[in-house]
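To start, the structure under review is shown below, and the notes come after it.
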Amino acid sequence: MRKRSRISGAVLLACAAVVVAAAPARAAIPVQVAVNRCNSQIVDDAYARVRDFDRHAPGGGSDDLLQRIGAITGLLATLREEREILDTMCASDAARAPLFAQIAATTAWALTLESDVAARLNASCPAAAQAFPEMMLSDAWLAMANVVNDSGGPVPAIFTDVILKVQSRAQVAGLTLPTWADTSAYWRDRVHDRAKAELATCPSASPVPTRPPRL
């Protein structure tokens, strides 16, 4: 029982990657610095890290899984902060758009990998092993849908492989993914609500995450 509680707490950390409050606003930065700061360097590094995570799955021990959860949690926090910085530093929507698309793709990819680890950590309770991935995959789908819907419909090329990753895992989890136009925070919240009800059926109820911020 104690081990299950420890694992459930770890999965809460996994969910925390998408629920941590936004960082405080930063002080004004000179215009010449702002122009130079509007680039993909940090996002490129994050994308490379996620690709490496995908190529090298964590070991089967709980310590290995917890370490991977922590790494993904930190990466997601970095992406969220970087999006806020770029939103301020980039001078136009045209400059922001490709960066926001890359952030959304990287975020969604990281969440699919996080869902894999969450399922393994909660193997002792099938309801939790399904519920946490459902929440993470709904967050992943919404992250991409926000970009598609905000741009009026075009799907960025960088989404192609990530879409397949989310879809394949959603099928396993029994999660029906709506069309882009029908994907919203309301839909995501309903998925979370159903998942929380599933979590309550576990012998040792897992902590319930709160609603993540909009990407």
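Only the coordinates and a few stated rules stand behind these numbers; no lab work does. As the structure is a computational prediction, the values presented were derived from the model and not from experiment. Cβ atoms come from the backbone with ideal geometry, glycine included; neighbour counts cover every protein chain shown.
Return a whole-number percent for the relative contact order of segment 37-126, with Cα pairs under 8 Å and 6 or more residues apart as the contact set.
Relative CO of segment 37-126 lands at 46 percent.
State, to one decimal in nm², a quarter of the convex hull surface area for the C-alpha atoms of segment 72-142, i.e. the direction-averaged projected area.
Working: hull surface 18.6 nm².
That works out to 4.6 nm², a quarter of the Cα hull's surface.
With +1 on each Lys and Arg Cβ and -1 on each Asp and Glu Cβ, and nothing else charged, work out how big the dipole of segment 85-215 is about its Cα centre, in Debye to the nearest 20.
Details: 10 positive and 12 negative charges, 39 e Å.
I would put it at about 180 debye.
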Among 141-150, 189-198, how do they line up by average Cβ neighbours within 10 Å per residue, starting with the highest?
141-150, 189-198
Take segment 60-99, compute every pairwise Cα distance, and split them into 10 Å bins from 0; I just need the percent in each bin.
28, 32, 21, 15, 4
Most to least packed among 127-139, 54-66, 95-107 [average Cβ atoms within 10 Å]:
127-139, 95-107, 54-66
Taking R0 as 35 Å, what's the FRET efficiency between Arg190 and Asp54 from their Cβ-Cβ distance, rounded to 0.05?
0.75
About its Cα centre, segment 49-154 carries a charge dipole, from +1 on Lys and Arg Cβ atoms and -1 on Asp and Glu Cβ atoms, whose size in debye to the nearest 20 is 180
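Would you mind classifying segment 42-185 by shape? Square roots of the alpha carbon gyration tensor eigenvalues, ordered a ≥ b ≥ c; an a/c under 1.5 is rounded, otherwise it is prolate if a/b is larger than b/c and oblate if not.
Numbers: a/c = 2.31, a/b = 1.42, b/c = 1.63.
Oblate shape, in that a/c is at least 1.5 and b/c is the bigger or equal ratio.
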